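Each remark here refers to the structure printed beneath this line.
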Amino acid sequence: MVQTEIAILGGGPGGYVAALRAAHLGARVALIEENAVGGVCLNVGCIPTKALLRSAEVYRTFRRAEAFGLRLEGRVTPDWPAIQRRKEAIVRQLVGGVELLLRKAGVQVIRGRGRFVAPRVLEVTTADGRERIEAVRSIVIATGSRPAPLPLPGLDSAGVLDSTGALGLDSLPRRLLIIGGGVIGVEFADLFNAFGVQVTVVEMLDRLLPLMDADLGAALAWTLGQRGVQVHVNSRVTRVEAVAGGLRATVATPAGELPLEADQVLVAVGRWPNVENLGLEAAGVHYDRSGIAVDDRMQTNVPGLYAVGDVTGGPQLAHVAMRGGEVAVENALGRATRLDLKTVPWCVYTDPEIAGVGLSQAQAQEKGYELQVGRFPLNASGRALTYGETDGFVKVVGETRFGELLGLHIVAPHAGELIHEGGLALALEATLDELIATLHGHPTLGEAVREAALAARGEAVHLPRQTQTAGR
């Protein structure tokens, strides 16, 4: 029996951050992880995807070098194996970095698969056998999620991939069909399209990125369409079958049934929380297929047992898991901390990037707010023009009574970096007037946030007055 103050079940973003935070607060910590630390995000998710997308972005820039006054003497071509090696090197470096941090913090890392045998006792199956871990204070469940299966005929065919399989391809397919137009699907669509793959995206709902502001999905659909990606919304794949030379999918569209052929099919329809085979019944933890129920302190129904990240069924974002891990162990160690989802940014790493925080326009309307909505297009931004990236905009959603900012939504280069101004503004309950009064550097992309706030008042400086619509 190994005794520790806090045990963490799962070493992904939520788990390893929880372990580090608990150790920094002076607790003895054991981290149980079956595979590599870093979880899906670091090994087969966020980081490798962004490494590949960066290669795609650089390649696109080279292809239009002449627009920047640069002449290339030779032809630039993608070297997919080299691109994959760069991705793998980045992952190895970061995994090694996390392992070093855990060692330096004194966290005991136990390699194996853990399950509850009592509310504060875990049995861990390791390569050498089994051992029991007893947590004196608390256990944090951070077992993450896995790609959601799609119960369709033919999805067991060779050539049908999930996101992990798509990241590990040895070579580029000629034709790729992506089922799902959410964040995962559109990032892979952008990535493979950049390297010349014929990409088709099928989304069951009425737009891409259905969980974000509708204008963001519309902008992305336009950009992908301009680049030759075929997008079918309000459509669903009904079956997949192997045919000579690849796969054929049957797609039900508003215009009727459509056959689509591809070399490979990527299923990107979301993720399921890993709640099975954890012995949660032995611990008395309430859960269902959507995840483990927790409050804003990450506390389950059992005192001393916490759950964080994807396994809770909340926003499946690494930064939410990381903050949840901090909140869980801080509460376990006597601090009163809560997770506020109001300021969670959603980032999509397409080219251009997409990001949103707070309420979408539709969500704000559903809540009964009288709105002020302002948009500032990037083609009116001096900095965007110097970048050569003018397909995008900044949109603010505010309410009229106090002028409070309700949401910020961006399509722009580095949108994932720009969005944090909106998150801070939401945390401080800032108004549009306060955004306007904040000096923004010039020339920057960030000053488009201020201009969008001005546009909500009908007062944007760098837009013709007649194009602005205030008070709606």
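The values are calculated or read from the model by the stated rules, or taken from the named source; none is laboratory data. None of the values given here were measured: they were computed from a predicted structure. Every residue, glycine among them, receives a Cβ derived from its backbone with ideal geometry; neighbour counts consider all protein chains shown. What goes into the accessible areas is simple: the full protein's heavy atoms, side chains included, and nothing from ligands, DNA or RNA. Shrake-Rupley method; radii C 1.70, N 1.55, O 1.52, S 1.80 Å.
Couple of notes before you dig in:
- What a 1.4 Å probe finds exposed on the stretch 1-76 is 50% carbon and sulfur by accessible area, rounded to a whole percent.
- Those aspartates and glutamates that a straight Cα-Cα span of less than 19 Å connects to residue 104, excepting residues fewer than 8 apart in one chain: 5, 33, 326
- In the stretch 289-371, the ratio of gyration radius to Kirkwood radius, Rg to Rh, stands at 1.06 when only Cα atoms are counted.
- As a length-normalised measure over Cα pairs under 8 Å and 6 or more apart, the relative contact order of the chain settles at 14 percent.
- Amide H contacts of residue 231 (H built 1.01 Å from N, in plane; Pro and chain starts excluded): 201 sit under 5 Å, all sequence-distant by 5 or more or on other chains.
- Derived scalar couplings ³J(HN,Hα) [the stretch 247-259; Karplus, 6.51 cos²θ - 1.76 cosθ + 1.60; whole Hz; x for Gly, Pro]: 10, 10, 10, 9, 10, 8, 10, x, 8, x, 6, 10, x
- Remark on the stretch 127-173: Rg and Dmax equal 18.6, 52 Å (Cα only).
- Projecting the Cα atoms of 217, 270, 161 onto the charge dipole of the chain, computed from C-beta unit charges around the Cα centre, puts 161 farthest toward the positive end.
- Integer Hz, Karplus 6.51/-1.76/1.60 couplings in order for the stretch 134-146, x for Gly and Pro: 10, 9, 5, 9, 8, 10, 10, 8, 9, 8, x, 8, 9
- With a 1.4 Å probe rolled over the protein heavy atoms of all chains, the accessible area of 46, 41 falls in the order 46, 41, largest first.
- Straight-distance crosslink candidates among lysines, where the alpha carbon sits under 30 Å from residue 367 and sequence neighbours closer than 8 are dropped: 342, 395
- Only Cα sites of the stretch 71-223 enter the Debye sum here, all with the same form factor; the resulting log10 I(q)/I(0) across q = 0.10, 0.17, 0.18, 0.20 1/Å is -0.64, -1.13, -1.16, -1.25, listed in q order.
- Percent of C-alpha pairs per 10 Å bin, the stretch 341-393, short to long: 20, 39, 32, 9, 0
- The mean sequence separation of alpha-carbon pairs under 8 Å and at least six residues apart, normalised by the residue count of the stretch 357-399, gives a relative contact order of 43 percent.
- Divide the volume of the convex hull around the Cα atoms of the stretch 1-118 by the residue count and you get 127 Å³ per residue.
- Those Cys residues of the chain for which no other cysteine Cβ falls under 4.7 Å: 347
- √(5λ) per eigenvalue of the Cα gyration tensor, the stretch 302-451, largest first, Å: 31, 18, 14
- 0 to 90° range, to nearest 10: angle between helix 183-194 axis and the chain longest Cα axis: 60
- Relative contact order of the stretch 208-299, defined on C-alpha pairs under 8 angstrom at six or more residues apart (%): 13
- Calculated [θ] (222 nm, deg cm²/dmol) that DSSP helices of n ≥ 4 give over the chain, each run adding -39,500 (n - 2.57): -9500 deg cm²/dmol
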